[in-house]
Each structure stands twice: as C-alpha cells, then as structure tokens.
1. With a Förster radius of 45 Å, plug the Cβ-Cβ distance of Leu125 and Asp99 into 1/(1 + (r/R0)^6) and report the FRET value to the nearest 0.05.
2. Neighbouring Cβ atoms within 10 Å as the yardstick, rank Trp210, Trp132 fewest first.
3. Which three extents, in whole angstrom, do the alpha-carbon atoms of region 54-142 cover along their principal axes, largest first?
4. Nearest 0.05, what FRET efficiency do Ser59 and Ile32 give at R0 = 35 Å with Cβ-Cβ as r?
5. Suppose R0 equals 22 Å; then what is the FRET efficiency for Met218 and Lys21 from their Cβ-Cβ distance, rounded to the nearest 0.05?
6. Please report, in debye to the nearest 20, how large the charge dipole of region 143-232 is about its Cα centre when each Lys and Arg carries +1 at its beta carbon and each Asp and Glu carries -1 there.
7. Could you tell me which of Gln25, Ile67, Ser103 has its Cα farthest along the dipole of region 25-172 towards the positive end, charges placed at Cβ (Lys, Arg +1; Asp, Glu -1), taken about the Cα centre?
8. Work out which helices of the chain, taken as complete DSSP H runs, extend at least 24 Å along their axis over the Cα atoms and score a mean Kyte-Doolittle of 1.6 or more, then list them.
Amino acid sequence: MYLNSIFADPERTARLIDIAKTSLQPMLEGAIMNTIPLTLISFIIGIILAVLTALARISHVKVFQIIARVYVSAIRGTPLLVQLFIIFYGLPNIGITIDPFPSAVIGFSLSVGAYSSEVIRAAILSIPKGQWEAGYSIGMTYTQALKRIVLPQAAKVSIPPLSNTFISLVKDTSLASLVLVTEMFRRAQEIAATNYEFLLVYIEAALLYWIICFFLSMIQGFLEKRLDRYAS
C-alpha cells in the first residue's frame with residue numbers, strides 16, 4: 001500500500017526523492033562528526049581496557065581476578081542502554097555531570113572492554129604452554145614472554161571476533177542518540193520529525209549503516225588474509 005501510494009502520486013514521489021537527497025548530507029555529517037569518531041575512540045579505549053581485564057583474569061593475584069570478574073559480569077549482565085542512562089542521566093544526581101559525547105564514550109568503552117576481554121583471554125589461553133616454556137628456556141621473564149611471544153600470537157587469533165565487535169559497535173552508536181549525541185541516527189530522527197516521512201528516512205539511515213559495515217567487513221577480510229589466520 002505504501003509503495004502504491006508513492007508511485008500513484010507523481011508529486012509525492014518527487015517530494016520523497018527531494019527529502020532523500022536533502023537528508024543525506026546531514027546524516028553523513030552526523031556519521032563523520034560523531035558516529036565514526038565515537039566508534040574509533042570507544043573501540044581503542046575499550047581494547048586497552050580489555051587487554052588489562054584479560055590479564056587480570058589470568059593473573060595469580062586474587063584481588064585482580066575478583067575486580068575483573070565483577071566488572072565483566074556487571075557489564076555483560078546489564079543492558080547497554082541502561083548503562084548509558086546511568087552515566088548520563090543518573091550520575092548528575094550525585095553531582096557528577098558528564099557531557100553527551102564523553103558519556104557515550106565511557107559507556108561504549110566499558111561495554112567493548114568487558115566483551116572483548118573474554119575474547120582476548122580465550123586467545124591467550126589458546127596459545128600452547130610450550131610457547132611460554134620456550135620463552136622461559138631462553139631466559140625470558142613472564143612479562144617478556146607474554147609481550148614478545150604470547151600476545152602477538154593471541155592478536156592473530158583475536159582479529160576476527162574483535163573485528164565483529166568493532167562492526168557491532170558502529171551500529172550500537174545509534175543508542176548515543178538517546179543521550180543527546182548528534183550522531184547519524186540522531187540526525188535521522190530530527191529530519192523525520194520535521195517531514196514525518198519516518199519510513200523513508202529510517203530506511204536511508206539503515207542503508208548508510210549497512211554501507212559503512214560492508215566496507216568494514218571488507219577491511220576485516222583483508223586483515224585476516226594479511227595475518228594468514230586461516231592458513232594451514
């Protein structure tokens with residue numbers, strides 16, 4: 001019915017085409033100015049946090065293990081949207097006010113850190129013990145063996161799942177619109193609110209997310225080939 005109403009009315013068709021053209025630039029600006037920076041910053045901070053958390057999980061210090069376990073359990077056990085609301089809307093109740101963009105960075109970084117830490121921990125544990133022993137046999141300390149032998153191999157194993165996490169993060173940044181970050185989906189909401197063509201504008205936004213994720217998937221495939229992850 002929706003498509004029939006469009007094609008049956010040339011004026012409406014022309015109007016929709018005009019809306020699609022004029023809404024493209026604001027959404028691309030939202031992607032360039034906020035969506036992509038938010039994704040990159042959150043992912044970098046999240047990966048650093050993930051490595052530290054993974055190392056804490058496999059360390060022999062009980063306190064580090066407990067802190068890491070509680071952090072991962074808390075983040076994985078609560079919705080990302082609730083976490084964002086706590087950071088942006090909840091913390092001001094105790095006198096801590098954080099601007100929209102930093103609030104989103106904190107929320108997404110904590111999420112990436114928790115989920116990716118399990119990927120990295122599994123990758124580290126997948127390295128044969130013989131690799132550790134080889135490092136010790138030539139006089140390396142635990143830290144040296146970890147940094148020079150184990151982590152580089154674990155990084156190769158981690159590339160596919162971490163790439164998927166990065167792609168998922170691009171889509172998750174749409175939640176930042178709910179904490180007033182003017183990223184791509186926030187721009188789409190503003191445009192749709194003025195012309196009431198919600199279906200058209202949201203489909204256009206979905207296509208833009210799809211295109212971004214498609215190119216990221218191509219980069220993922222390139223990285224996997226470069227690292228020869230699946231070579232026999």
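1. After rounding to 0.05, the efficiency reads 0.70.
2. Taking fewest neighbouring Cβ atoms as first place, the list is Trp210, Trp132.
3. 55, 21, 21
4. 0.30
5. Here the calculated transfer efficiency is 0.25.
6. 640 debye
7. Ile67
8. Once both thresholds are applied, what remains is 36-58.
Read-outs throughout are calculated quantities, based only on the coordinates presented, and are distinct from any laboratory measurement. Remember, predicted model here, so these are calculated numbers, not experimental data. A quick note on method: Cβ atoms are made from the backbone with ideal geometry, for glycine too, and the neighbour counts reach across all protein chains shown.
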